[in-house]
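The values are calculated or read from the model by the stated rules, or taken from the named source; none is laboratory data. Since the model is a prediction, treat every value here as computed from it, not as a measurement. Please note: Cβ atoms are built from the backbone with ideal geometry, for glycine as well, and neighbour counts cover all protein chains shown. These area figures cover heavy atoms from the full protein model, side chains too; ligands, DNA and RNA do not enter into them. Shrake-Rupley method; radii C 1.70, N 1.55, O 1.52, S 1.80 Å.
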Amino acid sequence: MHFTPPTFIFLCHLSQNLKLVMASPSTFVATKNMAMVFLLSSCLLLAASAGNFYQDFDITWGDGRAKILNNGQLLTLSLDKTSGSGFKSKKEYLFGKIDMQLKLVPGNSAGTVTAYYLSSLGSAHDEIDFEFLGNLSGDPYILHTNVFTQGKGNREQQFYLWFDPTKDFHTYSILWNPQTIIFSVDGTPIREFKNLESKGIPFPKKQPMSIYSSLWNADDWATRGGLVKTDWSQAPFTASYRNFNAQACVWSTAGSSSCSSNKSSGNSWLAESLDATGQEKIKWVQKNYMIYNYCTDIKRFPQGFPPECSLS
């Protein structure tokens, strides 16, 4: 039995009224008990992975400027002159394949930053960043990426996008497994940070991380190095989120991973890496849309580039 996603979701809603459905032979002729058990178990699986903002996240700051809407299917962050807003995942993860759909602040978003990232805590924290730097109306957003290991970042790569990220929702993904970190946009990989521990380069693999997002004012640096300031007459600024999905190893308070006893079941992403097609896509994005790469910034690194630049 196979359902396309829209039918699958519809049937999951039907299963909530299972007794009514089974009591109506004219509606559900020759329904097999096994099929219904399959349907119910599949719906439970979908609920566990498809994401509901009430279940998966806590609003952490903003004094009412962050809102969860549509029965948990939509979350909005807003920014005005008084404050921005943000949220954090209820769970911590040690490796995962994380998807989130975002629609960014439209119009004149100069000075604003929408951040969406994974991070652990402490001065030696690990972090995997998407940051969206706002711009004047008609000028493109800048997608800023970074990777921190043991408290050290300075691994920035920046991109323009090949679409307007304010017109509709687009999917921004982080694949983080023991071999690699891959940033993707709408399924197209844009950046990879490989595990090069064998070459003496730290890789984030021991510290569980939470998912964070925030919308805040950074007009001292975000747009043209701080030359363009936030136009507060355009406030409130709003970014929207939907369709969170996490295939991930959940870290327990007891210090164990949900993947430890289930390594072979549904966790193929743990061994996932870029194939030849993925490598070509990254080359295409970096050739046509990359606008900054720390690995080519001679002025910043006059004594030589970081070692991963020549190894990756």
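Charge tally around residue 273: other residues with Cβ under 12 Å, Lys/Arg +1 each, Asp/Glu -1 each, net -2.
Applying a threshold of 18 Å to the alpha-carbon distances of 194/281; 205/287; 67/103; 152/205; 152/206 flags 205/287 as lying beyond it. Accessible area per residue for segment 217-312 is 63 Å², calculated with a 1.4 Å probe on protein heavy atoms, without ligands, DNA or RNA. Sorting 284-294, 124-134, 234-244, 152-162 by average packing, meaning the other beta carbons within 10 Å per residue, from highest down gives 124-134, 234-244, 152-162, 284-294.
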